[in-house]
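Chemist: Okay, here's the structure, questions in a sec.
The values are calculated or read from the model by the stated rules, or taken from the named source; none is laboratory data. Owing to the predicted nature of the structure, the values given are computational and were not obtained by experimental measurement. Please note: Cβ atoms are built from the backbone with ideal geometry, for glycine as well, and neighbour counts cover all protein chains shown. Surface accessibility is based on the protein's heavy atoms, side chains included, excluding ligands, DNA and RNA. Shrake-Rupley method; radii C 1.70, N 1.55, O 1.52, S 1.80 Å.
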Amino acid sequence: QFFVFCHGLLQLSQLLVSGYLKSSISTIERRYGLSSQTSGLLASFNEVGNTLLIVFVSYLGSRVHRPRLIGCGALLVSLAGFLMALPHFLTGPYEYDHSVASTFSNTTDLCQPGAPGAGANLSAASCPPHGSRENHEVLLVMFVAQALLGIGGVPIQPFGISYIDDFASHRNSPLYLGILFSLTIVGPGVAFMLGSAMLRFYVDIDKVSSAEVQLTNKDPRWVGAWWLGFLVAASLVALCALPYFFFPREMPKEVGEVLHTHTHTHLGFPVVLLRNLRHPVYLLVVLAQVNISAMVAGLATFMGKFLERQFSLTASLANMIIGAVNIPGAMVGIVVGGAILKRFQMSLRQCSALCVLGMLLCLLTAFPLLFLGCPTQKVAGVTHWDSSGFGHHAMACNARCRCPERGFNPVCGSDGVEYTSPCSAGCSSLALRPDGSVLNYTGCSCVGAAGTARPGPCGTGCSHLFVPFVVLSCLAGILASTSHTPSFMLILRSIQPEDKSFAVGIQFMLLRVLAWMPGPVLYGSAIDTSCVLWERRCERRAACRYYNNTLFRHRYLGLQFFFEVGAF
């Protein structure tokens, strides 16, 4: 029982490390200027290390000292977690455009018609010679960390489960494994809540005093302390790894039944593989699970980003919604599916009917989601051109300002149009609050009659659709996950008993290769195609500033719908 307790904690903290990355992905994109395709690849890269080794490890079986190997794997996971946070300590503080000259930068992004080329100093300053090299180092460290995370995770689940199954009594084994399984679902939820807590702090909380930070967490330039959660999670994993070095190689079997010896015949690997893949039920159910997994992989990675953009939420709140609403919803669905199975003692045909019904209802609730949203707010020169000389090129109203091309400090004009910086709105002066933050900008030549602008984006004006969206998406998640347990039953009961563990291994293998690895990359690429304004860093395309929200919604949720239809 102590082993089960330790293993539960270890699996939970291991999932904290991998799940936390997904919760802070939009923040890391913004901090290091990554496209969603790159961040999607980063998020799924731990599966690569994992897949390469998992076959190997299942083959080793009980020939090794399993607890010790689990401990070593856990230490590797912990190292990976610390490595994920390392880029924060290697790079300088986060830089963004200011309106108020401060201790770190005496430039301002207001309209200064007097000085020729005054605005130009901003764009020149933003490209240090070592910028691109630094970015490569950051990516390299993170990809290596993700690969190590995958490799370290290899022994944890299979060895833990087989160790428990070998030494628990026949009566208690399902209970113990059930506890572990439920923790693997709770884990990501806790990870998103951790993300929600950490992203409330400013990224450079350890490098600059709070007085110097001129951003609030609602600002589109805000970057939260993404690295802090990795330190917390990695420390937890390291603590959980310690007891494993003191468990024996073998334990006395729990009292409760007669020992029976396992005879394990290694038929030829290819023979069993072909025999299972030729089995139509097995193959079809695995393909359905591949579709569901691909959907979940994309959802888990980019749902936060989607909520942030579509409903103008902070990263912290978006994570809170996913961790407190969507993931518990999926857990409820899994439990309900299992309960229906147990209550009605279903046959295989009824199991498959339950899966089909669950997916059909899921499709019906997920379809309206495509229409719950609003277009991108009007952004001058990006999504909105008007008659007052806002051409595609230099705009007449701010031509005298000589704005830097790449300035980004969005303001919302009193006419309801958003401008990418006070300079591009032609604002020449500002009023401050007592605490030193900007109250509003005045004398803005591009804004209509009043000529004022407030700091921050105008927002999408979609807040009234937010609650219906969350309710429907949670419902769709519950319905889709009711098919989880019956589909597993279909696999376990439709194949020969001696192939069982092998078939499950192949199933996980296929899910990884066909869904968990390509899923986030596919979703990330689809999201990138809906971008209308890219940030440039030293001639390199960096993160996306503005998306066409309608396209983003249709491509992101459309892809999700496509996989749901596939599973159905």
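Chemist: Give me the accessible area per residue for the range 136-235, probe 1.4 Å, as a whole number in Å².
Modeler: Per residue, the range 136-235 has an accessible area of 39 Å².
Chemist: Solvent-accessible area of ARG63, probe 1.4 Å, all protein chains present, reported in Å² to the nearest ten, please.
Modeler: Estimated to the nearest 10 Å², ARG63 gives 150 Å².
Chemist: Between the range 1-50 and the range 177-212, how many Å separate their Cα centres?
Modeler: The range 1-50 and the range 177-212 have Cα centres separated by 11 Å.
Chemist: I would also like to ask the following. Return the carbon/sulfur percentage of the accessible area of the range 374-505, one whole number, probe 1.4 Å, all protein chains in place.
Modeler: C and S fraction of accessible area: 61 percent.
Chemist: Moving to a separate point now. Rounded if a/c is under 1.5, else prolate if a/b is larger than b/c, else oblate: which is the range 127-220, with a ≥ b ≥ c the root eigenvalues of its Cα gyration tensor?
Modeler: Numbers: a/c = 4.78, a/b = 2.01, b/c = 2.38.
Oblate is the answer for the range 127-220, as a/c is 1.5 or above yet b/c matches or exceeds a/b.
Chemist: Still on this structure: I'd like the projected area of the range 390-455, averaged over all directions, using the convex hull of its alpha carbons. Report it in nm² with one decimal.
Modeler: Working: hull surface 17.4 nm².
Hull-based average projected area comes out at 4.3 nm².
Chemist: Heavy-atom accessible area of THR365 with all protein chains present, probe 1.4 Å, nearest 10 Å²?
Modeler: Result for THR365: roughly 20 Å² accessible.
Chemist: Could you order peptides 303-314, 526-537, 242-253 by the average number of other Cβ atoms within 10 Å of their residues, highest first? Intermediate results must be reported in sequence, preceding the final value.
Modeler: Numbers: 303-314: 23.7, 526-537: 18.3, 242-253: 14.1.
Highest mean packing first, the order is 303-314, 526-537, 242-253.
Chemist: 7 Å from Cα along Cα→Cβ at both MET509 and GLU539: what's the point-to-point distance in nm?
Modeler: Going from the MET509 label point to the GLU539 one covers 4.6 nm.
Chemist: Of THR420, THR216, which has the most accessible area with a 1.4 Å probe, and how do the rest follow in descending order?
Modeler: Correct descending sequence by accessible area is THR216, THR420.
Chemist: Where only protein heavy atoms count, and the probe is 1.4 Å, what is the accessible area per residue for the range 390-455 in Å²? Please list the in-between numbers first.
Modeler: On the way: 2970 Å² over 66 residues.
Value returned for the range 390-455: 45 Å² of accessible area per residue.
Chemist: Ratio to report: Rg/Rh of the chain, with Cα atoms as the point set and Rh obtained by the Kirkwood method; give two decimals.
Modeler: Here Rg/Rh amounts to 1.03.
Chemist: Sticking with the crude label model, points 7 Å out along Cα→Cβ, report the distance from VAL64 to PHE5 in nm, one decimal please.
Modeler: That separation, rounded to one decimal, is 2.7 nm.
Chemist: Just to verify a number: FRET efficiency for PHE245 and LEU52, C-beta to C-beta distance, R0 = 41 Å, to 0.05? Numbers along the way, then the final one.
Modeler: Details: r = 26 Å, r/R0 = 0.62.
Approximately 0.95, to the nearest 0.05.
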